[in-house]
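The values are calculated or read from the model by the stated rules, or taken from the named source; none is laboratory data. Bear in mind that the values here come from a model prediction, so they are computed numbers and not experimental data. No Cβ is skipped: glycine too gets one built from the backbone with ideal geometry, and neighbour counts run over all protein chains shown.
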C-alpha cells in the first residue's frame, strides 16, 4: 500500500478530472430528463460529435477555436433535433423515446463514419497545455487541471443560474411540476427548448475537452453512455445536486478502485449502483414531485 | 471447386495430353470472414484490400486457377461469425476460409471448421489456443500468435539492461496471453516484474490512476499492450503525465500500429515495441508491397494489411502444388513456405503455427514531421512451444 502523500493527491486529482468530465455530460442529460421527462439516450452521440467537430476545427484554426465551435455546433444540431424529433416525441411515453433515441445512436455512429472515416482521430493541444504543472509540490498534467477547472466553472455557473436567477427559478419550478408552472404563466415549452439546447452544448463541450485525452472514434458516444447513466441513476434522475454527487462518486470509486482493488475495479461501480437502487431507488438526491 | 464447360473440356484435354492438374481451369472458392461493420470496418477493409492485392500479384503464378472470393461480415461477434461460417461452408461451399480477426470468433468457429474439414487460414487473430490446445490439421496460422510477438521481446528487453518492469494490459484473453508470454521470458532472462495490472477491457476511459501507480512503483520501464482506441488513449495520456523520460514504454507493437500512428501524433515518439511487421522494413519484397498497397488504398500498409496479403499468397502457394479442393488445400497449406515482405516464413508442422522473425522498432519523427517506425533490431524466428497441441492426422 503506497503511503506517499503525493500519491493520494495525484489520485485525487485523477478522480476529480474524471468526475468533471462525467459531470459535463450527465448534467445536461439529467436536467433534460428532470424538466422534460425525456430520456435522450443519444446524448453520448452528441458528445462524440463534439469531439469530431473540435478535432476538425482544431486542425484548421487551432485548439481554442475547436473548443468554442464544438459546443455551438452541437447546440445547433440539438435545436434541429428538438424541432424535428424531440418535440413530437414529448408525449410518446418513455418506451418510444428510448427506442427512438437508441436508434439515433446508431444513425449518428454511421453518419460520423461517413464524414470522418472509420479510423480513430487525434487532436493536438497547444504546447502550454502539453506539459505538467507544479501542484502542491507534485507534477500534474496541465491539461487535466484545465479539465478540472472547466468543470468547476461550469458547475459554478449552472448553480448560480439555477439558484439565483429568474430563469433558474422557472426551470426549477418546471422540474418540480411543469403543469403548475405553466398555469403560473411560465412558457414551459420555450424553457424546454432552452434547456435542451444548453444540455446539448454541454455534451459538445465535454466531447471537445475529452478529445485530446481519448481516441476520437465513432463509438466513443456509446462507450460514455453507460457511465453517464450510472452517474444520473446514482445521483437521482433530474437533479443538479444528484449529477454533482453522482459524478464525484463515480470518479472517486473508479479511480481509487483501480488503484486499491484492481481486480474489483470493473465491478465496484456496478455494485454501488445496485446498492443505491436497493436502498434509495430514486437516487441519492431525488427531485421532488 | 466447380467445373465450367470450359473446364470440363480442359479436363478432357488434360487426361488425354497427360498435363499436370495445375494447368486446368479451376476455381477456388475463398470465404473471407472479416468485420465490415461498426468501428472495426477500417480493419476489414484493410485486410480485404491487401488480400485482393495478394491475389492480383501472385495469381499469375497459377495460370488456369481463378479465385472466387465470397465476403462475409462477422461483426467481431462470435455468434455472428459462427453463423456466417456455416453459411460459407454449407451454402457457398467454399474450399478455404480466411480472414478472422477476433480471437472470440476464432474460438467459436474452430469446431465447425474442424468437423467440416474445411481448411482455415487465420490471417489476423492472435489467439494462442488455435495453434495450441485447440489446434487442428485444418487450421493454419499465417498472421501471428500472441506469444510469438511478446516472448522474444521479453528476452531482448532483459538483455538491454532493463531490470524491473511494470506491466499493463486490458483484462481479456489477448491481454493476458500477451502479458504472460512476456513475463515468462523476461523473468527467465533475469528480469523482475514489479506488478502486473489489468484494466477493465473497453471500459477504461482514464488510464491516469494506472499511470500514476506505475510511476510510483519503482520500475525501470512500463510494458503495455493496448490495441485500437485504447492504445491511442493510453499513449496520449501517458505522454501528458510526462513519464516517458524516466519510465519508457515497451510493448507489443499494436500499441503503435501503423493504423493509429497518425491519431497518436507526437505522443508516440520514443516508444519501443516489437511486431512481426512494420512498413519500414528495408527489403526489396517489402518495398514492392508497400508501393503496390499505397497505390491501391492510398496509405501505408499496417500489419493487418500484410497479414491479408500473405494469406492470399499462402493459398496461392498451396494451389501451386496442384491443390484446388478442401482436402488437397488442407494438406498443402501447412507445408507452404515463402519469403514475403516480412522475411522468410515457414509453418511449424507440430502446431501449424507460423515461424517468423520479429522486428523491434522505435517510433521516431520522420522527414515530413509525421512519426515513423525505425527498426532497431531483428529478432530471429523461433517456433512457439506446442502449448498442448496434439496434431491429429489429416
Discussion item. I'd like the full set of residues that are farther than 22 Å from residue A:260 by Cα and either within 8 Å of chain A (Cβ to nearest Cβ) or surrounded by fewer than 24 Cβ atoms within 10 Å (Cβ to Cβ) (or both), limited to region B:234-248.
Written reply: B:236, B:239, B:240, B:242, B:244, B:245, B:246, B:248
Discussion item. Return the residues of region A:111-130 that are part of a helix (DSSP H, G or I), free of Cβ contacts under 8 Å to residues at least 24 places away in the same chain and within 9 Å of chain B (Cβ to nearest Cβ); say none if nothing qualifies.
Written reply: A:130
Practice prompt. Just name the residue that is farthest from the other protein chains (Cβ to nearest Cβ) out of those in region B:44-57 that are surrounded by fewer than 24 Cβ atoms within 10 Å (Cβ to Cβ) and in contact with a strand residue (DSSP E or B) (Cβ under 9 Å, 6 or more places away or on another chain).
Written response: B:55
Practice prompt. Quick one: which residue in A:224, A:232 is away from every other protein chain (no Cβ under 11 Å), under 11 Å from the mean Cα position of the chain (by Cα) and under 29 Å from residue A:287 (Cα atoms)?
Written response: A:232
Fill in: Meets criteria (within 18 Å of residue B:37 (Cβ to Cβ), buried (at least 18 other Cβ atoms within 10 Å of the Cβ) and in contact with a strand residue (DSSP E or B) (Cβ under 9 Å, 6 or more places away or on another chain)) for residue B:125
yes
Worksheet item: Before we move on, is residue A:92 more than 19 Å from residue B:233 (Cβ to Cβ), outside any helix (DSSP H, G or I) and away from chain B (no Cβ under 12 Å)?
Response: yes
Discussion item. Is it the case, given these coordinates, that residue B:340 is more than 21 Å from residue B:123 (Cβ to Cβ) and either surrounded by fewer than 18 Cβ atoms within 10 Å (Cβ to Cβ) or within 16 Å of the chain's Cα centre (by Cα) (or both)?
Written reply: no
Discussion item. Quick check on residue A:41: is it within 10 Å of chain B (Cβ to nearest Cβ) and at pLDDT 90 or above?
Written reply: no
Worksheet, complete the sentence: Screening B:36, B:40 for residues that are closer than 30 Å to residue A:106 by Cβ, assigned to a loop (DSSP other than H, G, I, E, B), in the same structural domain as residue B:310 (by TED's automatic domain parsing) and modelled with pLDDT under 95 leaves only B:36
Item to complete: For residue A:214, indicate whether it is touching a helix residue (DSSP H, G or I) at 6+ places or on another chain (Cβ under 8 Å) and within 14 Å of chain B (Cβ to nearest Cβ).
Response: yes
Practice prompt. Quickly run through region B:268-288 and pick out the residues that are touching a helix residue (DSSP H, G or I) at 6+ places or on another chain (Cβ under 7 Å) and within 14 Å of chain A (Cβ to nearest Cβ).
Written response: B:268
Item to complete: Could you list all residues from region B:103-121 that are in a helix (DSSP H, G or I) and in contact with a strand residue (DSSP E or B) (Cβ under 6 Å, 6 or more places away or on another chain)?
Response: B:113
Discussion item. Among (1) at pLDDT 95 or above; (2) touching a helix residue (DSSP H, G or I) at 6+ places or on another chain (Cβ under 9 Å), there is one condition residue B:103 misses while meeting the rest; what is its number?
Written reply: (1)
Practice prompt. Determine whether region B:137-149 contains at least one residue that is surrounded by fewer than 18 Cβ atoms within 10 Å (Cβ to Cβ) and under 24 Å from residue B:228 (Cβ atoms).
Written response: no
Item to complete: Check residue B:94 against each of (1) more than 18 Å from the chain's Cα centre (by Cα); (2) assigned to a loop (DSSP other than H, G, I, E, B); (3) surrounded by fewer than 24 Cβ atoms within 10 Å (Cβ to Cβ) and name the one condition it does not meet.
Response: (3)
Worksheet item: Inside region A:131-145, can you point out the residues that are surrounded by fewer than 19 Cβ atoms within 10 Å (Cβ to Cβ) and either away from chain B (no Cβ under 11 Å) or not in a helix (DSSP H, G or I) (or both)?
Response: A:131, A:132, A:133, A:134, A:135, A:136, A:137, A:138, A:139
Worksheet entry | Boolean, residue A:33 is surrounded by 24 or more Cβ atoms within 10 Å (Cβ to Cβ), touching a residue at least 60 places away in the same chain (Cβ under 8 Å) and closer than 21 Å to residue A:223 by Cα | no
Worksheet item: Within the group A:64, A:59, which residue is within 14 Å of another protein chain (Cβ to nearest Cβ), surrounded by fewer than 17 Cβ atoms within 10 Å (Cβ to Cβ), modelled with pLDDT under 95 and in a helix (DSSP H, G or I)?
Response: A:59
Fill in: Matching residues, region A:250-286, being more than 14 Å from every other protein chain (Cβ to nearest Cβ) and not in a helix (DSSP H, G or I)
A:280, A:281, A:282, A:283, A:284, A:285, A:286
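Matching residues to (1) more than 14 Å from every other protein chain (Cβ to nearest Cβ); (2) modelled with pLDDT of 95 or more; (3) surrounded by fewer than 17 Cβ atoms within 10 Å (Cβ to Cβ):
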site: B:261; (1), (2), (3): no, no, no
site: B:266; (1), (2), (3): no, no, yes
site: B:290; (1), (2), (3): yes, yes, no
site: B:293; (1), (2), (3): yes, yes, no
site: B:296; (1), (2), (3): yes, no, yes
site: B:299; (1), (2), (3): no, no, yes
site: B:302; (1), (2), (3): no, no, no
Practice prompt. Select from region B:185-216 the residues that are crowded, with 21+ Cβ neighbours inside 10 Å and more than 14 Å from chain A (Cβ to nearest Cβ) and list them in ascending order.
Written response: B:186, B:191
Practice prompt. Would you please name the residue that is farthest from residue A:218 (Cα to Cα), looking only at residues in region A:59-86 that are more than 21 Å from the chain's Cα centre (by Cα) and in contact (Cβ under 8 Å) with a residue 60 or more places away in the chain?
Written response: A:62
Worksheet item: Of the conditions (1) in contact with a helix residue (DSSP H, G or I) (Cβ under 9 Å, 6 or more places away or on another chain); (2) closer than 20 Å to residue B:245 by Cα; (3) within 14 Å of chain A (Cβ to nearest Cβ), residue B:219 fails just one. Which one is it?
Response: (1)
Practice prompt. Being under 24 Å from residue B:180 (Cβ atoms) and facing chain A (nearest Cβ under 7 Å) is the filter; apply it to region B:222-233 and report the residue that is surrounded by the fewest Cβ atoms within 10 Å (Cβ to Cβ).
Written response: B:229
Worksheet item: Which of (1) at pLDDT below 95; (2) surrounded by 24 or more Cβ atoms within 10 Å (Cβ to Cβ) does residue B:161 not meet, given it meets every other one?
Response: (2)
Discussion item. Looking at region A:74-86, can you tell me whether even one residue there is surrounded by 17 or more Cβ atoms within 10 Å (Cβ to Cβ), part of a helix (DSSP H, G or I) and modelled with pLDDT under 90?
Written reply: yes
Item to complete: With respect to residue A:168, determine if the residue is in a helix (DSSP H, G or I) and buried (at least 22 other Cβ atoms within 10 Å of the Cβ).
Response: no
Item to complete: Look through B:148, B:160 and report the one residue that is away from chain A (no Cβ under 14 Å) and farther than 30 Å from residue B:49 by Cβ.
Response: B:160
